[in-house]
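Everything below concerns the one structure shown next.
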Amino acid sequence: MKKLSSLMLVLILALVVSACGGNNANNASNANEGTNASTNTGSDSDAKEVKITILNSKSEIHTQMTNAAETFSKAHPNIKVEVISTNQDQSPVEKASALYASGTPATLAMLDAGDIEKFADKALDLSGEKWVAELAQPNEINGKTLAFPFAVEGYGLIYNKEVLDEVAGGAFDPATINTTSALEELLQKIEAAGKTPLYIGSMDWSLGNHFLAIAYAAQPDTDVKGFLEQLKGGSADLVNNATYQGLLDTFDVLKKYNGGKNDPMAVNYEQSTAAVATGSAAITFNGNWLITELLKSNPEGEYGFIPVPVSNDPTTKANSAVAIGATKQMFIDNEKSTEEQQAAAKQFLNWLVYEDAGQQFLVNEANVIPAFKNITLELNGSLAVAINEYNLAGNSIEFAGNFVPGDHWKVLGASMQKYLADVTDRNGLAAEIEDYWKSVQ
């Protein structure tokens, strides 16, 4: 969950965005304390025991995050870490807000990038932390670094390499699929080979914040923020918008060849992933975070990305690009957490950036692309490698989900589900999208 054309070029080394802001008089000393302590992998045996909580909104890595917390605590015996994970149907903002409402906010909260600003008044200022210098590009709100970028991610049409190599009669080249028509021809070939061409997951977060968001990012005459301002102001006419219509042309093709078209709302995350992992289906729409689930079904599988075309013009940039950005970001609570808890949370963040065990967790267990220049581990998993290759080639569009409100995925994800299930048509979908954005403050 995204500015990206420049960001993507910088991401060659590792990638993007950062740290946390606050408001009390001790922030400066707290930041220095956290920096100095966090480079020490040992622990003062006389140090007071402190407990911190982490709100993890990447539910697919709950086990990995819990294991990482245990590993960190072994290196810092005075710090106990509890991981609280959201589920796939729960908005991270809703969970974080509920914790604040109950008076027990997470010490460290992981949110989608677009939601960090909503909690700026509750975030500890980490602008003075050592790791800020390792960021490829700063991410400031009101002159402060208010988010620690946990992951750089990207999404598109994920394909099973073995299946498409077989269909192509050799090494499949995703660059050959640069129009909607070319995509349909590929799906026809897969079907003729006796395979299910694809599955479209019905998840609202996927359809709303990822697929629909391509229409925001692929506009030829403005950036994401500019187009969203047009939507808010009521001047964006989606019915007559070529990119919106082109994206839905592609979606209609995907619907036509969807292995779950007879009951599209029944196709879930696990089913679509397992089908591609085992090769019973060739393609699904999702992001590089899917690798964890894919490897459960096929540890030896290799996968790649095909961009989602928005036209039949091969020169359209989005037809050869995937959406990439620094999505999940973490802030430290400055409202209820004690100075000791804040210092411990800083140690955990520095452990991720500077310690081998923390780096190994990010790259080889969480399977994310780090946003820090000093982390030079070879990327783990074919999807992360594929995203990085698109970055290096400059073939990226912004991860527009980083700019949308916290309820976008639920409200417009539900609208996209209606279109998937043929409950509404293009004009009806356009009206719902426009009405939503006109209501955004």
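The figure for residue 251 is an accessible area of roughly 0 square angstrom, using a 1.4 Å probe on the protein chains alone. Residues whose amide H falls under 5 Å from that of residue 303, counting only those 5 or more places apart or on a different chain, are 161, 382, 383, with hydrogens built in the peptide plane. Residues 379, 135, 392 ordered from highest to lowest accessible area at a 1.4 Å probe: 392, 379, 135. Here's the picture: a label point sits 7 Å out from the Cα of residue 66 along the beta-carbon direction, and within the stretch 349-385 the residues with their amide nitrogen under 19 Å of it are 361-362, 365-367.
Averaging sequence separations of C-alpha pairs under 8 Å and six or more residues apart, then dividing by the length of the stretch 322-441, give the relative contact order as a whole percent. Walk me through the numbers before you get to the answer.
Details: 78 pairs, mean separation 29.5, N = 120.
25 percent.
For residue 281, the amide hydrogen comes within under 5 Å of the amide hydrogens of 276, counting only partners 5 or more places away or on other chains and with H modelled in the peptide plane.
With contacts defined as alpha carbon pairs under 8 Å and 6 or more residues apart, what's the relative contact order of the stretch 101-219 in percent?
Working: 42 pairs, mean separation 16.1, N = 119.
It comes to 14 percent, rounded to a whole number.
In straight-distance terms, cross-link reach from residue 255 covers every one of the lysines whose alpha-carbon lies under 26 Å from its own, apart from those fewer than eight places away in the same chain; here that gives 161, 189, 195, 317, 410, 418. Considering helices alone, the calculated mean residue ellipticity of the chain at 222 nm is -11500 deg cm²/dmol, with DSSP H runs of length four and up weighted by -39500 (n - 2.57) and normalised per residue.
Looking at the chain only, what percent of DSSP beta bridges run antiparallel? Nearest 5 please. Before the final figure, lay out each step's value.
Numbers: 25 of 41 bridges.
Counting DSSP beta bridges with both partners in the chain, the antiparallel share is about 60 percent.
Across the stretch 163-185, the residues whose backbone nitrogen lies under 20 Å from the label position 7 Å along the beta-carbon direction of residue 392 are 171-176. 3J(HN,Hα) along the stretch 343-353: 5, 5, 5, 4, 4, 5, 5, 5, 4, 4, 7 Hz, from the Karplus curve 6.51 cos²θ - 1.76 cosθ + 1.60 with θ = phi - 60°, whole Hz, x for Gly and Pro.
Applied to the stretch 418-432, the Karplus parametrisation 6.51 cos²θ - 1.76 cosθ + 1.60 on θ = phi - 60° returns per-residue 3J(HN,Hα) values of 4, 5, 4, 8, 6, 8, 9, 9, 4, 5, x, 4, 4, 5, 5 Hz, with x for Gly and Pro.
Working from Cα pairs under 8 Å separated by at least six residues, relative contact order for the stretch 215-353 is 18 percent.
Computed with a 1.4 Å probe on the full set of protein chains, the accessible area for residue 292 sits at about 20 Å². Computed from phi, the 3J(HN,Hα) profile of the stretch 388-396 under the Karplus parametrisation 6.51, -1.76, 1.60 (θ = phi - 60°) reads 5, 5, 5, 4, 4, 7, x, 9, 9 Hz, with x in place of Gly and Pro.
Between the amide H of residue 312 and those of 180, distances stay under 5 Å, these residues lying 5 or more places away or on another chain, with hydrogens modeled in the peptide plane.
The values are calculated or read from the model by the stated rules, or taken from the named source; none is laboratory data. Being a predicted model, the structure only gives us computed values, none of them experimental. All Cβ positions, glycine included, derive from the backbone under ideal geometry; neighbour counts span all protein chains shown. Remember, those area values only see protein heavy atoms, side chains included, never the ligands or the DNA or RNA. Shrake-Rupley method; radii C 1.70, N 1.55, O 1.52, S 1.80 Å.
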